[in-house]
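Single-structure report; data block below.
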Amino acid sequence: MTHIKQLIGLAFLLVVLSTAAKAQSTALFPFEGATHTYGWNGLTNGDLYAFYLTADAAGNVRLDDAIAGEFDFLDTTTGTVAANRAAVPLAWNLGASNNIYYLWIEVTNPGGCSNYRHVRVTPQVNQFDLLSENIPVDNTISCPAVNTADGFNPLAAGYDAGTTTLQFKVRRTGGNRNWKFEPVLTIDPTWNLDIAVLSIVGANSGTLVADASNVYTVNALDNEVLVTVSVKNQPGNTQVVSFEVKNQSEADTNLLDSNSSNDKVTHTIQIMPVINSMGGA
């Protein structure tokens, strides 16, 4: 049998980072719910390639993603090498952490000679989590702000109850990639429509700007961002502000949040006393 012109793969493209310092989804240790692209370079253009998964290192037990629900190939697994590279995106679903998998690439040259190579993939339970917090965490109740800097004007003829500024934190654990979320504000009483996110800021991201879907993308270096919120004061009413993160995920792996129970926090602005018009003589 003749040798193929070039051995498969000068280097596996995806670098596996250490999971000891900080849990994260990587190509060889993917979290359930993550998508990673697996590819080899240094191939010979024009050769044919095929990707497949097996349950054993010997390659005897091939797995079919149409039958096995724990993974899905998201693109064709066969093709012709171009730009000296072959790659395929692979999604790891719920239940994948119960098994170890072997991802193979087979390359065949025009003469019909083949070569094989595989890597071991060990899926992990998803540890990516975004959570919302008051600042500080136990700061769940406060008085309305009555500062001129917040628009408060006590002058009788031009009285304005002003606004209260609140701050929340969105914190990321279990990851080191860009991440994204949508901030959602609600308030009781619901008729107070004068509530808004003023800014979202990260130490490395700077002041973030939302996309057309009101989703903010955070720099991978930031584990948390500061969310500043403005609420119009309403004398005679207690106001309960709810802040929640939605549509959150890692930006490049589409890894979803693993714990929805900590996505929402509330802060109560206590009742502001009512002072009606002067009745003195």
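Full extension of the chain segment joining T44 with A251 gains 71.3 nm, where the gain is 0.36 nm per residue of separation less the Cα-Cα distance. Taking the chain as the region of interest, the number of lysine pairs whose Cα atoms are within less than 30 Å, with members eight or more places apart or on different chains, is 14. Put a dot 7 Å past the Cα of S242, heading toward its Cβ, do the same for I67, and the two dots end up 4.6 nm apart. Of the residues S249, S277, S114, S230, the one with the fewest other Cβ atoms within 10 Å heads the list, and the complete ranking is S277, S114, S230, S249. Toward the positive end of the charge dipole of the chain, with +1 on the Cβ of Lys and Arg and -1 on the Cβ of Asp and Glu, the farthest Cα among S260, V170, V119 is that of V119. From least to most packed, judged by other beta carbons within 10 angstrom and beginning with the fewest, I269, I105, I195 follow the order I195, I269, I105. Have a look at the DSSP beta bridges in region 129-269 and tell me what percent are antiparallel, nearest 5. Once the DSSP bridges in region 129-269 are tallied, antiparallel ones form about 95 percent. Placing +1 on each Lys and Arg Cβ and -1 on each Asp and Glu Cβ, with no other charges, gives the chain a dipole about its Cα centre of roughly 580 debye. Once the Kirkwood radius over Cα pairs is known for the chain, the Stokes-Einstein relation at 4 °C and 1.567 mPa s delivers a diffusion coefficient of 57 µm²/s. Rounded to the nearest 0.05, what FRET efficiency do S142 and D211 give with R0 = 30 Å and r taken as the Cβ-Cβ distance? Could you check? That pair, S142 with D211, gives E of 0.40. Here, region 119-211 has an Rg and a Dmax of 19.2, 76 Å when only alpha carbons are counted. Taken along its principal axes, the alpha carbon cloud of region 46-109 reaches lengths of 37, 24, 16 Å, longest axis first.
Dividing the Cα radius of gyration of region 129-269 by 2.2 N^0.38 Å, with N the residue count, gives 1.13. Debye calculation, C-alpha points only, no solvent: report log10 I(q)/I(0) for region 20-156 at q = 0.09, 0.13, 0.16 Å⁻¹, in the same order as the q values. Those come out to -0.43, -0.65, -0.88, one per q. Of all DSSP-defined beta bridges confined to the chain, some 95% are antiparallel rather than parallel.
Each reported figure results from applying straightforward, stated rules to the coordinates on display, with no laboratory input. These numbers come from a predicted model, not from an experiment. Ideal geometry is used to build each Cβ from the backbone, glycine not excepted, and the neighbour counts take in all protein chains shown.
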